Structures are given as structure tokens and as C-alpha cells.
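**Student:** Pasting a structure here, questions to come.
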Amino acid sequence: MSSSSSILNGHITSKAEWMSELRSRHFVYHRIEPHATSARALSEDAGVVVGRGTFTVNGGLVFPLVCTEVYARQDGEWKLVHLHACASSQRHE
């Protein structure tokens with residue numbers, strides 16, 4: 001799998017797979033430029049954060065992305081339980 005083909009291809013990656021990609025440095029973040037973020041509490045124990053930004057990875061591949069993160073309070077601690085990223089149609093300079 002090449003660096004560019006493994007990004008934004010619709011593949012669902014497990015936490016173990018993603019951590020392996022990061023540890024092996026097969027996928028490296030060089031810069032994350034946030035453009036907008038919003039957060040919403042769904043209940044006392046759940047919330048959603050949506051962010052839009054430009055991600056530069058693997059030596060220069062640039063992707064405008066929208067990321068949605070779902071958090072849940074488990075055993076008194078907030079945990080990221082789901083992350084979804086997709087290409088954004090908006091570009092920022």
C-alpha cells in the first residue's frame with residue numbers, strides 16, 4: 001500500500017491498525033492547520049466535536065478535511081470513542 005493510496009480511500013481502520021501506521025512512521029503528520037471547530041454536549045456523558053482544517057502529511061500531501069470526534073464519559077473519564085475524517089470541499093489559503 002503506497003502512502004497516497006492509504007489516505008482517504010474509504011477504508012475503515014481499527015485503532016490497532018492506525019496506531020501501527022503512526023508508530024511505523026508510514027503515516028506522518030507534518031502540520032495541522034485548524035480553520036473552524038465546534039463542540040456540542042449530547043448529554044452529561046457524551047459529546048461531539050467537529051473540526052475543519054488542512055492536514056499536511058507524508059512530506060507534503062495536503063488534505064482539507066472535516067473531522068468528527070465522538071466522546072463518551074466512561075468510568076469518570078472522557079474517552080474518544082469514534083473518529084471520522086472526510087475530504088472537505090472548502091479550501092483555505
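The values are calculated or read from the model by the stated rules, or taken from the named source; none is laboratory data. Please read all numbers here as calculations on a predicted model, not as lab measurements. Heads up, the Cβs are rebuilt from the backbone with ideal geometry, glycines too, and the neighbour counts pull from every protein chain shown.
**Student:** State which residue is surrounded by the fewest Cβ atoms within 10 Å (Cβ to Cβ) when the search covers only the stretch 45-93 and only residues that are farther than 25 Å from Ala16 by Cβ and of a type in the set (Asp, Glu).
**Tutor:** Looking at the filtered set, the residue picked out is Glu93.
**Student:** Quick check on my filter: what residues within the stretch 22-70 are closer than 18 Å to His82 by Cβ and acidic (Asp, Glu)?
**Tutor:** Across the stretch 22-70, the qualifying residues are Asp45, Glu69.
**Student:** Quick one: His35 ticks every box in (1) surrounded by fewer than 12 Cβ atoms within 10 Å (Cβ to Cβ); (2) over 23 Å from Thr13 (Cβ atoms); (3) at pLDDT 90 or above except a single one, so which number is it?
**Tutor:** Condition (1) is where His35 drops out.
**Student:** Further question: Give me a count of the residues in the stretch 52-93 that are touching an Asp or Glu at 6+ places or on another chain (Cβ under 7 Å) and in contact (Cβ under 8 Å) with a residue 60 or more places away in the chain.
**Tutor:** Counting residues in the stretch 52-93 that are touching an Asp or Glu at 6+ places or on another chain (Cβ under 7 Å) and in contact (Cβ under 8 Å) with a residue 60 or more places away in the chain gives 0.
**Student:** Restrict the check to the stretch 56-65 and report whether at least one residue is modelled with pLDDT of 95 or more, among the hydroxyl-bearing types (Ser, Thr, Tyr) and in a strand (DSSP E or B).
**Tutor:** no
**Student:** Mind listing just one residue for me: the one in the stretch 1-21 that is among the hydrophobic types (A, V, I, L, M, F, W, C) and farther than 15 Å from Ala85 by Cα and, of those, modelled with the lowest pLDDT?
**Tutor:** Met1
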